[in-house]
1. Report the gain in length on full extension from VAL85 to ASP145: 0.36 nm times residue separation, minus Cα-Cα distance, nm rounded to one decimal.
2. Anything over 29 Å Cα to Cα? Flag those among LYS6/LYS30; LYS62/LYS92; LYS30/LYS78; LYS30/LYS113; LYS30/LYS112; LYS30/LYS101, in the order listed.
3. At a Förster radius of 35 Å, what calculated FRET efficiency corresponds to the Cβ-Cβ distance of LEU152 and ARG73, to the nearest 0.05?
4. Placing +1 on the Cβ of each Lys and Arg and -1 on the Cβ of each Asp and Glu in segment 3-80, which of LEU25, GLN61, PHE9 has its Cα farthest towards the positive end of the resulting dipole?
5. Based on the Cβ-Cβ distance from THR114 to LYS92, what FRET efficiency comes out when R0 is 22 Å, to the nearest 0.05?
6. What shape does segment 3-80 have by the C-alpha gyration tensor, where a ≥ b ≥ c are the square roots of the eigenvalues, rounded means a/c under 1.5, and otherwise prolate means a/b greater than b/c and oblate the rest?
7. Looking at VAL96, VAL144, SER38, which one has the Cα that reaches farthest to the positive end of the dipole of the chain (charges on Cβ: Lys, Arg +1; Asp, Glu -1)?
8. Can you work out ³J(HN,Hα) from phi for every residue in segment 8-24, in order, using Karplus 6.51 cos²θ - 1.76 cosθ + 1.60 and θ = phi - 60°, giving whole Hz and x for Gly and Pro?
Amino acid sequence: MMDDEKINFKKKLKDYCVELLVQRLDTVDKLVTEAQESANNEGKSSAGDKYETSRAMGHLQKEMYLQQAQKIRHELLKANSTEIVLHPGIIKKGTVIITDKLSIFICVGLGKKTMDNRTVLFVSDEAPLYTLLQNKSAGGMFIVDKLEHIILEIW
């Protein structure tokens, strides 16, 4: 792969991360609004405890969604700040690691996805796998999910 193709592939991976996180944030923001509306619209019934319990549940649900939104915003900030440059042989945020079985993109943890007919594992720079990869170089080996991976390229 030529350098400009590598840069374009990295940009595509980063853009995918940002797009997916924005979609997740939109969904969670809608859930926050719905939970708030549900709590506000809970009609006062003759059974006061039922009313209070329903309102409390609505507020708890809203708080849970707000926490999720905060985590997604943190991930989105990390994804947006990922530099799309080549740094051959150096494993840091923005690095693509090509192994004999899959590609790994160090950005945010989104799991395995298929991009351009390649299996790409999106890994956070806070994940244990990132720590495991830190001192590896091309030709190095590591094990994930009981499978041995050999590093072919780092860029």
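Quick note: the coordinates plus some simple rules give every number you see, no bench work behind them. None of the values given here were measured: they were computed from a predicted structure. Backbone-built Cβ (ideal geometry, glycine too); neighbour counts: all protein chains shown.
1. Full-extension gain reported as 18.7 nm.
2. LYS6/LYS30; LYS62/LYS92; LYS30/LYS101
3. E(calc), rounded to 0.05, equals 0.50.
4. Of the listed residues, the answer is PHE9.
5. Approximately 0.35, to the nearest 0.05.
6. Judged from the Cα gyration tensor, segment 3-80 comes out prolate (a/c at least 1.5, a/b above b/c).
7. So the residue we want is VAL144.
8. Coupling constants for segment 8-24: 4, 5, 4, 4, 4, 5, 4, 4, 4, 4, 4, 4, 5, 5, 5, 4, 4 Hz.
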